[in-house]
Amino acid sequence: MAGLPPSYNAIDAPDYTAGPSDALPAYDERGAPSSTFIPSPNINDKLPNHFKINGQYVRPQVMPSDLQAHLVLLGAFHRLREEVKTVKGTATDIPMQPDERYAVFLQRAVYRFEQWALRMIG
C-alpha cells in the first residue's frame, strides 16, 4: 500500500500578500488597444437570416459580430500571454522559462479570481 500524501499545513501555503514581485504591471495607454469593442458596420446584414439544414430552416446560432468580438478577445489573450512570457524579472526573482512564467501568471490569476468570486458571493 502506498504511503499517505503529506499533510497540508497553513505553513505550506504560498504567501499571496502583495509585495514588489506581486505587483501588477503598470498600464500604459499609449500601446493599449481600445477597451470598447465596436463591430464592423452592417456586418450582421451579410449573413442570411436562415439556413436549410436537413430540410429544416434554422436561424443562425452565432452572428458575425459575435465572432468578431470573440476574435478580438482571443487576440487580447494572445497579446497578454506574449507580454507575460517576454517580461524580464528583477535580480531577486526566481529565474523561470517563459512557459513557466506564464503558468505562474495563470495560477495567480485563477487564485485572484477565486478570491474575488468568494467575496462577491459571500
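Values quoted throughout were computed directly from the atomic coordinates according to the rules given, and no laboratory measurement underlies them. No experiment lies behind these values; they were computed from the predicted model shown. FYI the Cβ positions are ideal-geometry reconstructions off the backbone, even for glycines, and counts take in every protein chain you see.
Using the Cα atoms of the stretch 77-120 to build a convex hull, what is its mean projected area in square nanometres?
That works out to 3.7 nm².
Can you run phi through the Karplus equation (6.51, -1.76, 1.60; θ = phi - 60°) for the stretch 66-73 and list ³J(HN,Hα) in whole Hz, with x for Gly and Pro?
Per-residue couplings from phi come out as 5, 5, 5, 5, 5, 5, 5, 5 Hz.
Suppose R0 equals 41 Å; then what is the FRET efficiency for Phe113 and Ser40 from their Cβ-Cβ distance, rounded to the nearest 0.05?
0.85
Zone of Val104 (label point 7 Å along Cα→Cβ, backbone N under 15 Å): which residues in the stretch 75-91?
The answer is 84-91.
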